[in-house]
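A.B. asks: Quick one: this structure, given as structure tokens, is what I'll be asking you about.
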Amino acid sequence: MTYHGVTNSPWLHVPADLAVAMRPRLPAAVAAIAAAVGESSDAGGDKFERDVRTAVQVALDRFLDLAGTDEPALPPRIREVFVALGAAEARESRGPEALLASLRVASRLLLRTATEALAEQRPVSVAEVIDLSDATNAFIDELANACTDGLARQLREQAGEGDRRRRQLADLLLAGGSPPELVREAATGIGWPGVDGVVPVLLPPDQARDARFRFGADGVVAERGRDAVLLLRTGPRADRAALAEALHGRDAVVGPALPWTEVPQAVRLAERAAELTTPGPEPIFVDDHFAALALRGEPGALAVLTAQRLAPLAGLRASQRDAFLITLASWLRHWGSRTAVAAELFVHPQTVSYRLNRLRELLGDDLDDPRVRFELQLVLADR
């Protein structure tokens, strides 16, 4: 037995008569290998089948041409066939697993077909089978490298395009005044089903990469030099409890949840809140500082606070809503004295009781919260 050892060109030791023996069997071999590869993969469709058949035909032709030579396995024009095959898998959002499994199937069938083709012509020695095995394994490895290279290139390209689209959406939201169609198109381009409310989060610049990783599906990040702005679409990951946990220890300032058209205002409120507070391990929520911001003359703070505090009354008729708000303002001024409210408003005490009972149904425990009561006084005084 002749032992050839490890070589960079194992097809140099493939029997020289393999091509003559196998070429008549080539069409059947192509069909058999293509069918087996198709069955082993979850991918389907006419295009996939055509691509696989073309790739198998090119691969077998090349393998037979290599027999008895020390040429490189794949010249550029042939390698690109398999690079393109890997890229196509990435475009279909499939990983390399199915493709590599298919190549392993092809390797086994190639070895079997080559051995059988030679055996029909003459006796085949164990050494020749070993040489054929080494050559087919090495050749399939080259094909796998080309496929994974194509897949990796495509993924890098897609990642770059995805980053560009995310930056575009972040820029549109931060700039304000963007056409709705353009914003919706940009949101769809990164996989968002739509864009409605947005929660801005100010972070230190060195937190930008981590924010992209943590909130990749639900947020976009803009880097502004002095800080990074994470823009989260409203949803479970943007509620207060989830953000308090996710942003612990990150010097974060969380702005109010506002419609996407008001993102610049929400970011400004976060910036003003950051000026008023000292960073700590817990994130700063602008919702806790609206009163302070309003008292410092920040008009956006009072507008948002008014919308939030009076939202439970939005379903009332205008005249009923006004009567309830007048009653609420008087009740807050008189520290809850229904008699004083009735006297001030010239209404019966039972009317006051009815209105206050309805207000308690609408506002709930907020009426017992000193901070909320103070905020209601600010809102009603502005009215």
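Coordinate-derived values only; no laboratory data. Please read all numbers here as calculations on a predicted model, not as lab measurements. Methodologically, a virtual Cβ is constructed for each residue, glycine included, from the backbone with ideal geometry; neighbour enumeration extends over all protein chains shown.
A.B. asks: What does the extension gain come out to for residue 217 and residue 323, with contour length at 0.36 nm per residue minus their alpha carbon separation?
C.D. replies: Residue separation times 0.36 nm, minus the Cα-Cα distance, leaves 33.6 nm.
A.B. asks: Another question about this same structure. Suppose we take every Cα in segment 271-383 and form the convex hull; what volume per residue is that in Å³?
C.D. replies: Residue-normalised Cα hull volume stands at 114 Å³.
A.B. asks: Cβ neighbours within 10 Å, averaged per peptide: list 310-319, 353-362, 226-235, 177-186 in order, most packed at the top.
C.D. replies: Answer by packing, highest mean first, reads 226-235, 353-362, 177-186, 310-319.
A.B. asks: Follow-up. Using label points projected 7 Å from each Cα along Cα→Cβ, tell me how many nm separate residue 71 and residue 337, to one decimal.
C.D. replies: Those two pseudo-labels are separated by 10.4 nm.
A.B. asks: What are the ³J(HN,Hα) values, in whole Hz, obtained from phi via the Karplus relation 6.51 cos²θ - 1.76 cosθ + 1.60 with θ = phi - 60°, for each residue of segment 193-199 in sequence order, with x given for Gly and Pro?
C.D. replies: The phi angles translate into x, x, 9, 10, x, 9, 10 Hz.
A.B. asks: Assuming a viscosity of 1.306 mPa s and a temperature of 10 °C, what translational diffusion coefficient in µm² per second does Stokes-Einstein assign to the chain, Rh being the Kirkwood radius over Cα pairs?
C.D. replies: Once the numbers are plugged in, D ends up at 59 µm²/s.
A.B. asks: Output ³J(HN,Hα) for segment 61-73: one whole-Hz value per residue in order, computed from phi by the Karplus curve 6.51 cos²θ - 1.76 cosθ + 1.60 with θ = phi - 60°, and x for Gly and Pro.
C.D. replies: The phi angles translate into 4, 5, 4, 5, 5, 6, 3, x, 10, 10, 6, x, 4 Hz.
A.B. asks: What do you get for the angle between helix 97-121 and the principal long axis of the chain? Use alpha-carbon atoms, 0 to 90 degrees, nearest ten.
C.D. replies: It works out to around 10 degrees.
A.B. asks: Kirkwood Rh, segment 118-262, all Cα pairs: how many Å?
C.D. replies: After inverting the mean inverse Cα-Cα distance, the result is 18.5 Å.
A.B. asks: For residue 284, which sequence-distant residues (separation of 5 or more, or a different chain) have an amide H within less than 5 Å of its own amide H, given hydrogens modelled in the peptide plane?
C.D. replies: 252, 253, 254
A.B. asks: What order do you get for 25-32, 77-84 when each peptide is scored by the mean count of other beta carbon atoms within 10 Å, highest first?
C.D. replies: Result, highest mean first: 77-84, 25-32.
A.B. asks: For segment 69-143, list log₁₀ I(q)/I(0) at each q in 0.12, 0.17, 0.28 Å⁻¹, using the Debye formula over Cα point scatterers of equal strength and ignoring solvent, two decimals each.
C.D. replies: For segment 69-143, the Cα-only Debye profile gives -0.43, -0.76, -1.27.
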